[in-house]
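Beneath this line is the structure, given in structure tokens, with notes to follow.
The values are calculated or read from the model by the stated rules, or taken from the named source; none is laboratory data. Just so you know, these numbers come straight off a predicted model, no measurement behind them. Counting neighbours? That spans all protein chains shown, and the Cβs are built from the backbone with ideal geometry, glycine included.
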Amino acid sequence: MKRVVIVGGGHAGTLLARALDPIAEVVLIEPKAAFVHNVAAIRAVVDPAWLDKLILPFDHLLKRGRVLRDRVIAIEGDGVRLAANGSLEGDFVIVATGSRYAQPFKASGDSISDFRSALLEAVSKLIVRRAARRAKALPPSSRACRSLR
């Protein structure tokens, strides 16, 4: 059976790992403990109850393959060199490291708790901004406007 090493546990990496899991020995290398459905993060800003729904642990992603929590530091020949676990060879090495863009909608570190904190901070700022905008829209004599001064 062919070994497929997939670098990156984002949308492309996880989709590919699941698709190849029945027919290959799949090793998904990802430093994070969970997949973060960053597109849904925007919804979590307006509905914080969604926060738990957009963080999906890798524990049950693959039935036959495995997820290795590590960081690739080099691609060499037929494999990869890892930061903590030496080297890993494969018949195929697929790089699916994704993209980076502004927080809080994409986790910048490996920690899920850091992502949660950043997103909750964004939600708090949004609530304060919306309240301030609404207060400015009220007539000056309203109680809400006076309490915000």
- Task: Only residues that are basic (K, R) and under 17 Å from F115 (Cβ atoms): list them for the stretch 26-70, please.
- Result: K32, R43, K53, R69
- Query: If R43 passes every condition in (1) in contact with a helix residue (DSSP H, G or I) (Cβ under 7 Å, 6 or more places away or on another chain); (2) in contact (Cβ under 8 Å) with a residue 24 or more places away in the chain but one, which one does it miss?
  - Reply: (2)
- Task: Hey, can you tell me all the residues within the stretch 50-76 that are touching a Phe, Trp or Tyr at 6+ places or on another chain (Cβ under 6 Å) and either part of a helix (DSSP H, G or I) or more than 24 Å from F92 (Cβ to Cβ) (or both)?
- Result: L56
- How many residues does the stretch 1-22 contain that are in a loop (DSSP other than H, G, I, E, B) and surrounded by 20 or more Cβ atoms within 10 Å (Cβ to Cβ)? 2
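Okay, residues lined up against (1) more than 16 Å from A122 (Cβ to Cβ); (2) touching a residue at least 12 places away in the same chain (Cβ under 8 Å); (3) of a type outside the set (G, A, S):
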{"position": "F35", "(1), (2), (3)": "yes, yes, yes"}
{"position": "L51", "(1), (2), (3)": "no, yes, yes"}
{"position": "I55", "(1), (2), (3)": "no, yes, yes"}
{"position": "L61", "(1), (2), (3)": "yes, yes, yes"}
{"position": "R64", "(1), (2), (3)": "yes, yes, yes"}
{"position": "L82", "(1), (2), (3)": "yes, yes, yes"}
{"position": "S87", "(1), (2), (3)": "yes, no, no"}
- Query: From the set of residues in the stretch 23-49 that are part of a helix (DSSP H, G or I) and over 14 Å from the mean Cα position of the chain (by Cα), which is modelled with the highest pLDDT?
  - Reply: A49
